[in-house]
Amino acid sequence: MSTQDTNKIAVCTDFTSIAQHAFEESIALAKKLRAEIHLVHVLLEDSETEVTADRKMARMVDQAKDQLGDVEVKFNIVDGGGDIVEELNREVTKLAPAYFVVGYQVKKGLDRFFGPNIMKIVRGTKLPVLAIKEDETLKDLEDIVFPLNLWDYARQKTFATIRLAQRLGATIHLIGLDVDMTDGDRRDLKIFMNQLKKQFEEYGIKYTDAILQGDDEVSVVVDFANRIDADLVAKVFHHDPGLISRLRGNQDEETLVKSNMPLFVIKSTDYMQGNWSAMRG
């Protein structure tokens, strides 16, 4: 059984416009889930105090007061001194929210991330992350894209995505990614898709399904999501940054750069081999 609190959403802030946007977008999600929001900030050593951080958080809330309604916002301020992202993840882990909202920005042409270190945050947390850029929204989460390939960890997002779709009343769009596949691969992909569809039906999830071909998986996913005007893409990020660079060509970072809608990110975990074991987590 999960130890996450389904009535909490954590939002990290460094008091930038990116963080303000992530906070304001999380309000709509909190209303749908009937959850409270926990703003989390790690103090910068020697340049901030708890008093100044508290005032900045209060200003964030004041800027969004017309949107808040009955949503409760709580402040969580963490003493710095260590690695900021590690301190942030440690605090959010203690809060154990249902979801962790993180704002980020990509500077076009450089593929460089601004705001919180999104890759390090994802690889340092066990919680589902909603990664959102400044021009994206969490207000209409009705259509969730669920890409599937034959990567060992690809199905580890299944349970978390089902839970989110249940709570939002959303439709899952299951797409099999037929990129550089053999006939045997295609047979396996169809088997896995049928197993997933059976699970969606057991949980009462609305879904569509399709198998799509293309030259690279990221482009196939992004193009499909844009074509159906999806609201969210579910993605597993690899827990080992060394392995991903060697084996997967930094697909995780490429997805963050190319997508123009929020990502629902689950970090992969190692598992014992066994029937359908890759779906656990």
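Just so you know, all these numbers are worked out from the coordinates, no wet-lab data involved. Since the model is a prediction, treat every value here as computed from it, not as a measurement. Glycine also receives a Cβ, built like all others from the backbone with ideal geometry; neighbour counts cover every protein chain displayed.
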Completion exercise
Tilt, helix 158-168 to longest principal axis of the chain (alpha-carbon atoms), in degrees rounded to tens, equals 60 degrees
Practice task
Rank by packing, highest mean first: peptides 176-185, 118-127, with packing defined as the count of other Cβ atoms within 10 Å averaged across residues.
Solution key: 118-127, 176-185
Fill in the blank from the handout: Nearest 10, in degrees from 0 to 90: the angle of helix 84-95 to the longest Cα principal axis of the chain is 80 degrees
Exercise for the section: On a 0 to 90° scale, report how tilted helix 217-227 is relative to the longest principal axis of the chain, with both axes built from alpha carbons and the result rounded to the nearest 10. Expected result: 80 degrees
Completion exercise
Between THR208 and SER17, the two model label points (7 Å from Cα along the beta-carbon direction) sit apart by a distance in nm of 3.4 nm
Exercise for the section: Name the lysines eligible as straight-distance cross-link partners of LYS197: C-alpha to C-alpha under 30 Å, and not fewer than 8 places from it in the same chain. Expected result: LYS8, LYS31, LYS32, LYS126, LYS139, LYS157, LYS206, LYS235, LYS258, LYS267
Problem - Simple label model, 7 Å out from Cα along Cβ direction - GLU36 to LYS94, nm - result: 1.6 nm
Practice task
Whole number please: convex hull volume per residue, Cα atoms of the chain, in Å³.
Solution key: 137 Å³
